[in-house]
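Chemist: First the structure, which I've put down as structure tokens, then a few questions once you've had a look.
Just so it is clear, none of the values below were taken in a lab; they were calculated from the coordinates. The structure presented is a predicted model; accordingly, all values stated were derived computationally and were not measured. Counting neighbours? That spans all protein chains shown, and the Cβs are built from the backbone with ideal geometry, glycine included.
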Amino acid sequence: MAKPPCEAERHELHAHAERRHDSNSPRRAAPSSRQESHVRIATTPATNCYPPVICGSCGCNTAGPVWLTTEYDLSRVVPRPRSLMNAAIHVQGLNKTFSHKSALVDLALSIQPGEMVALIGASGSGKSTLLRHLAGLACCDRGNGGHVQVLGREVQAAGRLNSQVRRLRADIGYIFQQFNLVNRLSVMDNVLLGCLGRMPRWRGSLALFNREEKQRAMAALDRVGLADLASQRASTLSGGQQQRVAIARALTQRAEVILADEPIASLDPESARRVMEILTDINRRDGKTVV
């Protein structure tokens with residue numbers, strides 16, 4: 001079975017086929033059914049197929065369109081699952097007004113699964129307001145407020161929150177600028193709070209976490225480099241450490257979308273760098289959508 005050609009080989013084969021065809025006939029004939037098997041049937045890996053197709057001759061990554069022949073193993077081209085074809089976050093016509101002052105005006109936004117997107121703007125431009133609307137923590141204007149969808153499910157529309165928004169929040173991790181930790185609880189207990197959205201209320205009220213949940217919380221702490229501080233009070237941690245605890249809480253939550261509201265605004269440069277590296281690692285290694 002032949003291996004897929006690289007970029008240079010595709011151009012050479014295509015040019016040779018054109019010359020051979022022109023020498024046989026002065027007029028261009030209509031493509032036959034056999035010729036149609038050589039047409040472009042897969043686009044770049046970033047859109048319709050994954051993993052990236054690697055050239056079998058030289059090992060290069062075929063970043064451009066992939067030209068497949070009848071001898072190519074089509075099983076190597078894996079179509080994206082249908083769920084990944086939908087936007088992870090979709091906002092249309094979002095409006096929000098505070099005391100006759102507009103914070104969001106007819107805002108439209110679409111973020112694909114697995115993307116890491118930064119919202120850049122001046123203080124008071126509505127960045128935090130937008131994130132709170134995505135998480136269902138704030139409601140848009142009544143009537144013409146627009147609608148917000150996350151993971152294909154409606155969060156709010158026309159100024160009304162969806163009745164199932166609490167369940168949807170279990171898939172949305174929110175990292176606050178001021179950490180939002182319970183200072184009197186231990187680091188481990190704060191991370192375990194990320195499990196509350198996926199467990200019965202009676203267990204959550206009594207803080208009855210099972211072995212699997214505790215193991216998941218400890219693994220999250222180890223990933224952010226704080227496993228040795230699991231039993232320490234949250235109030236004794238530095239700002240950078242508290243923010244890493246908040247990230248571990250989102251990991252324990254098993255959120256598909258992570259919304260980080262200015263996560264490094266109050267941190268020193270070294271702590272800020274480490275927090276951003278952790279968020280980038282979560283995006284690249286776990287495929288989580290990070291905003």
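Chemist: In nm, what is the difference between 0.36 nm times the number of residues separating LEU206 and ARG233 and their Cα-Cα distance?
Modeler: 7.7 nm
Chemist: Once you've got the Cα coordinates, tell me which of LYS101/LYS288; LYS96/LYS214; LYS96/LYS288 are over 30 Å apart.
Modeler: The pairs that break the limit, which is 30 Å between Cα atoms, are LYS101/LYS288; LYS96/LYS214.
Chemist: Still on this model: Between ARG142 and SER123, what length in nm is gained on full extension when 0.36 nm per residue of separation is reduced by their alpha carbon distance? If you can, show how the numbers build up before the last one.
Modeler: Numbers: separation 19, 0.36 × 19 = 6.84 nm, distance 2.53 nm.
Length difference between fully extended and current span is 4.3 nm.
Chemist: Right, another one. Using the beta-carbon distance between LYS214 and HIS100 and R0 = 45 Å, what value does 1/(1 + (r/R0)^6) give for FRET efficiency, to the nearest 0.05?
Modeler: Efficiency, from the Cβ-Cβ distance: 0.35.
Chemist: Suppose each label sits 7 Å from its Cα in the direction of the beta carbon; what would the LEU109-SER163 distance come out to in nanometres?
Modeler: 2.8
Chemist: Hey, another quick one. Quick check: Cα centre of the stretch 207-276 to Cα centre of the stretch 89-166, how many Å?
Modeler: Taking the Cα centre of each part, the stretch 207-276 and the stretch 89-166 sit 26 Å apart.
Chemist: Considering amide H positions built from the backbone, and no H for Pro or chain starts, which residues 5 or more places from GLY114, or on another chain, come under 5 Å of its amide H?
Modeler: THR289
Chemist: Just how large is the dipole of the stretch 162-226 about the Cα centre, in debye to the nearest 20, putting +1 at every Lys and Arg Cβ and -1 at every Asp and Glu Cβ?
Modeler: Working: 11 positive and 5 negative charges, 48 e Å.
Approximately 240 debye in magnitude.
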